[in-house]
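To start, the structure under review is shown below, and the notes come after it.
Every number here is computed from the coordinates shown, using simple stated rules; none is lab data. Here the structure is a predicted model, which means the values were calculated and not measured. Backbone-built Cβ (ideal geometry, glycine too); neighbour counts: all protein chains shown.
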Amino acid sequence: MLRIGPASLLASTLLYAGPAWSAEATGAGAAAPPVVAGQGTDAIDDAALVAAGSDPKDWITHGRDYAEQRFSPLEQVNESNVGRLVRVWTYPTGLTRGHEATPIVVDGVMYATGSWSVVFALDAKTGKELWRYDPEVPKAVGAKACCDVVNRGVAVYEGKIYFGALDGRLIALDAKTGKPVWQVVTVDQDKAYTITGAPRIVKGRVIIGNGGAEFGVRGYVSAYDTKDGKLVWRTFTVPGDPSKPFESEALEKAAKTWTGEWWKIGAGGTVWDSMAYDPQLDLLYVGTGNGSPWSRIERSPGGGDNLYLSSILALDPDTGELRWHFQTTPGDNWDFTATQHMILADLEIGGRSRRVIMQAPKNGYFWVLDRESGEFLSAKPYVEVTWSDGVDPKTGRPIENGSADYAKGLALVKPTAFGGHNWQPMSFNPKTGLVYIPAQEILGGYRIDPKPLLAKEHYNTGTDMAVFAAMTREIVAGHLLAWDPVAQKEAWRHPYAMPWNGGTLTTAGNLVFQGTADGRFIAFRADDGRQLWEFHTGSGVIAAPITYSVDGVQYVTVVAGWGGAFALAGGDAGAQGGQPSKGLVHTFALFNQPITPAMVEGLLSGRPDADAKREDLYHKWCSRCHGVTAISGGALADLRLSSPDVQSAFVEIVQKGMPGVGMPAFEGILSPDEIREIQTYVKSRPH
């Protein structure tokens, strides 16, 4: 395992010196023409999206290709040299709370999102901001978001950038300028709908879902025309009021699996994240969410499977018509959504090649289905499962054991609503044949809420949240799990002290990358799990990394920013990582040159005289206690983050010292002007 060593630390430090060093360190030409946002997006059409998997340079759709494998054929960065990976730029988003975006990269430009649905375009080689767009989501909408004010990214198509805003708008921006082209409201904004997921583009249509099942909404997925935002089709995932005409034959059949008056309290089944598309079969796959409320005895008191909750749906992308479905948790009682990442692959199973769809939803089972027919192929637990004794090998139906039925009283259940795997994307490496899952072990406590149900459109799970919250202080852990989907067994794992770690990326260089809840970005060897490199990110990482190439140089990017459901509701367990919530886009490349004395001398001699004077003063008198780059090692307070009161009294504090904490006095050694020069240097350091 290689941690950041002296050479890497020096390289990272020097890279902050300016664009000239960044260009030299990454092999880019200093005289390269300026990057223009959007100039390559006009070429992103249906053919380009279908062929995305064969383009190693860019990352043009959410999972890199329609199969959502999150596998890159790039191998300039590989198991033999990943230890020389250094940070080449960092873009502070200026936002706090959860950052969950998978960036998109087209022709040297990166498009990503932060919290509150803010979108930005960056030079993918330098991190320079090209444009930024804030949809100005009313902050009151945050109360409707069950799991933080997050956004998982954008889609790009024919010169436009598409994204969903938290308040339910679907917005198209001009890729060159970031200015709105059109926007449409996709939800009833009087209800508690939100959008946090990334849209997908299929056959000239923007596919978008929504969230809100904890607040009594009815789920659906919609397709809009990319040119003008007109609604093409909408498919509801659960039946509405049976006294009214059903929207489809599929919903009429689904209504027979419900009892009571479910439509009055919403029913749920929102399509809030995962999608995939098979252009050969012409099938669009969407995952559906939990029931509203979670407790099935309250939403469907007579029982039933409650279709199409917690299901994988295969839809006709032209009409939204249901072709087949598979329900991973019939009658879902625990918020075991099937909205987790789905991956398409061709696997050798039982002596024949099968077109499969794979998913590791919250309920703890890893599912492999035939993606053409929906036929069940296999399922095994990838984490500890206590609510079920297995899966019927013929039907694929989980065998509930009754121990988790909290209608009878308090039930302790694994997994829990946080899931054995949540929204954080997994990845599949066709070379190793393994799926890399951000897995977690959390014990859940469920009990019927003893208080009357809240009114519709207010937070209502039907469960006692005090019990649920108490359990997050007990058994909580996470691990990176390498899973063999054919043998349905673990290949290797890397344990973490915390759950809620980031999504994964795997590459042809025999690598897996993952960020962690405690603020690290790590590279592992894909075949055996050996840790090869890590970097401290400055905030917890929950998003999934990407990799791309510009001017022949491979880059790896991850968006850091602690947040999401566990960070909000996890209490003591969620806080144990000790990471601040701040948005940072970190990008790395190989440091391909040995550090030489001439290189360091060149950097020092290139400083402006004023900067050199300030830096020399700081190093002579301050650096041994406060860090060589004004970044303390953690034993002392970070001077760059001093309060306004400290900043205003800076000269006096340095002159008089603070004997009570060991700070010496510099009166008679440093003049007030010299102290102010030191203060200017400290303020100039990036943070």
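Two numbers describe the Cα atoms of region 461-582: Rg and Dmax, which are 16.2, 55 Å. Beyond 19 Å, the tail of the calculated P(r) for region 609-684 holds 28 percent of the Cα pairs. In this rough spin-label picture, where each label sits 7 Å from Cα along the Cβ direction, the Glu252-Ala610 distance is 7.8 nm.
Cut-off is 10 Å between beta-carbons; in what order do Arg371, Arg299 appear when sorted fewest neighbours first? It would help to have the intermediate numbers written out before the result.
Values: Arg371 25, Arg299 30.
Placing the least packed residue first, the sequence is Arg371, Arg299.
Using the Cβ-Cβ distance between Asp42 and Gln531 with R0 set to 56 Å, the FRET efficiency works out to roughly 0.85.
Once you have the Cα-Cα distance between His619 and Ser671, take 0.36 nm times their residue separation minus that, and quote the gain in nm to one decimal.
Between His619 and Ser671, full extension yields an extra 17.1 nm.
Mind putting a number on the dipole of region 84-153 about its Cα centre? Charges go on the C-beta only, +1 for Lys and Arg and -1 for Asp and Glu, and I need it in Debye to the nearest 20.
My answer is approximately 220 debye.
For GluC sites (Glu not before Pro), the sites in region 327-392 that DSSP calls loop and that have at most 12 other Cβ atoms within 10 Å are Glu384. Evaluated over the Cα positions of region 242-388, the convex hull gives a direction-averaged projected area, one quarter of its surface, of 9.2 nm².
Treat every Asp and Glu Cβ in the chain as -1 and every Lys and Arg Cβ as +1, leave all other atoms uncharged, and give the resulting dipole magnitude about the Cα centre to the nearest 20 debye.
Computed charge dipole of the chain: roughly 620 debye.
For the pair Glu348 and Asp392 in one chain, pulling the backbone fully straight at 0.36 nm per residue adds 13.6 nm over the alpha carbon distance.
Using the Cβ-Cβ distance between Val50 and Glu261 with R0 = 60 Å, the FRET efficiency computed as 1/(1 + (r/R0)^6) comes to roughly 0.85. Modelled spin labels at Ser684 and Glu158, positioned 7 Å past Cα toward Cβ, are 5.0 nm from each other. Sorted fewest first by neighbouring Cβ atoms within 10 angstrom, His62, His421, His458, His325 come out as His458, His325, His421, His62.
Radius of gyration (Cα atoms) of the chain, expressed as a multiple of 2.2 N^0.38 Å: 0.99. Working from Cα pairs under 8 Å separated by at least six residues, relative contact order for the chain is 13 percent. The Cα atoms of region 189-281 cover 40, 29, 23 Å along the three principal axes, with the biggest extent listed first. Model label sites at Lys489 and Gln647, defined 7 Å from Cα along the beta-carbon direction, differ in position by 6.0 nm.
Give me Met498, Met426 ranked fewest to most by other Cβ atoms within 10 Å of their Cβ, as a rough exposure proxy.
Going from least to most buried by this count: Met498, Met426.
Overall shape: oblate for region 54-119, with the ratio a/c of the largest to smallest alpha carbon gyration tensor axis at 1.5 or above and b/c at least equal to a/b.
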